[in-house]
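The numbers here are math on the coordinates, done by the rules we state, and not lab data. Model, not experiment: these values are computed from the prediction. For neighbour counting, all protein chains shown are included, and Cβ atoms are generated from backbone atoms with ideal geometry for every residue, glycine included.
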Amino acid sequence: MTAAETARGLLELTRPVNAIAASVLTFVGAFVAGGAADQPIAVAAAVAATGLAVGAGNAINDYFDREIDRINQPQRAIPRGAVSPRGALAFSGVLFAAAVAVALTLPKVAVAIAAVNLVALIAYTELFKGLPGVGNALVASLVGSTFLFGAAAVGALGVPAAVLFLLAAVATLTREIIKDVEDLAGDREEGLNTLPIAIGDRRALVVAAGLLVLAVLASPLPYLLGYFEEAYLAVVLPADAIMLYAAYESFDDPTAGQSYLKYGMFVATLAFVVGRAALGVPVAN
């Protein structure tokens, strides 16, 4: 492998699109909390720490998953030989160290959230991924906590960020279950005991759809509690429709279902941005 191919492989390990998306969610958490404009340095540090930590977590996940990926994802960097397992592990360590260094510049609550998330990222694949539903719930919590981290970085951890965390976590949990249905063959080969393996793929999809319905029913809460106005509803309701369609589609095509769900989650996140921007004043905690 050439140096350029290795560099490309290292970049692939970080899942740059996912790392950037998580960083954006951290920014959204700060924005929804009302502190993004007043504390740009803290927001920038939180965004950078998130991107580095997610990249590190993805790299170490590929290290632990290298045998599964030879079946499910043979084109990834380690299975195809672009990066050695030892190289992936070392790269992950560098990114984790950088994430910690940046996170330590933030308020104590944000540092605590970052510390819990870093431990969870490291432990996920080796300890929790193969436990029915537990690994899914951990991933969901990590995604949702990016909003909490952004709000905590600007010292404004309150109800809006907490509601956003809950909605994002439930939608992510649904998507993770659908993804496990998609990866059923490889997970069986590796001996994992994911939720679809434990209870059957059809029942797992029913559980996922039920969770998503709960999230959709909860989505008007920021409006009903008086934190956002009609502009929020105008965006979140189409997001709900996309996500419900994703749950329906997943019974016939899990790959398409989880893809649609990703789009719905993006639109739902946009709803919080629109809702906050429409207020024009800081959200009360």
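What share of all Cα pairs of segment 124-206, in percent, falls into each consecutive 5 Å distance bin? That works out to 3, 16, 22, 19, 14, 10, 8, 5, 2, 0, in percent per bin.
Say we join alpha carbon atoms closer than 10 Å with springs in a Gaussian network model of the chain; which of S92, S141, S84 then has the biggest fluctuation? It is S84.
Among I199, I178, the ranking by other beta carbons within 10 Å of each residue's beta carbon, starting with the fewest, stands as I199, I178. For V159 and N193, the FRET efficiency from 1/(1 + (r/R0)^6), where r spans their Cβ atoms and R0 equals 25 Å, is about 0.10. Rounded to the nearest 500, what is the chain's calculated 222 nm mean residue ellipticity when only DSSP H runs of at least 4 contribute -39500 (n - 2.57) each, over all residues? That calculation yields -25500 deg cm²/dmol at 222 nm.
In this structure the amide hydrogen of I78, modeled in the peptide plane, comes within under 5 Å of the amide hydrogens of V83, none closer than 5 places in sequence on its chain. Rounded to whole numbers, the Karplus 3J(HN,Hα) couplings from phi for segment 159-176 are 4, x, 5, 5, 5, 4, 4, 5, 5, 5, 5, 5, 5, 5, 4, 4, 5, 5 Hz, using 6.51 cos²θ - 1.76 cosθ + 1.60 with θ = phi - 60°, and x at Gly and Pro. The Cβ shell under 9 Å around E12 holds other residues with a net charge of +2, Lys and Arg each +1, Asp and Glu each -1.
Can you give me the orientation-averaged projected area of the convex hull built on the Cα atoms of segment 158-285, in nm²? With the hull built on Cα positions only, its mean projection is 7.7 nm². Our coupling estimate for segment 255-267, obtained by passing each phi through the Karplus curve with A = 6.51, B = -1.76, C = 1.60 and θ = phi - 60°, is 5, 5, x, 6, 5, 4, 5, 4, 5, x, 5, 5, 5 Hz, Gly and Pro reported as x.
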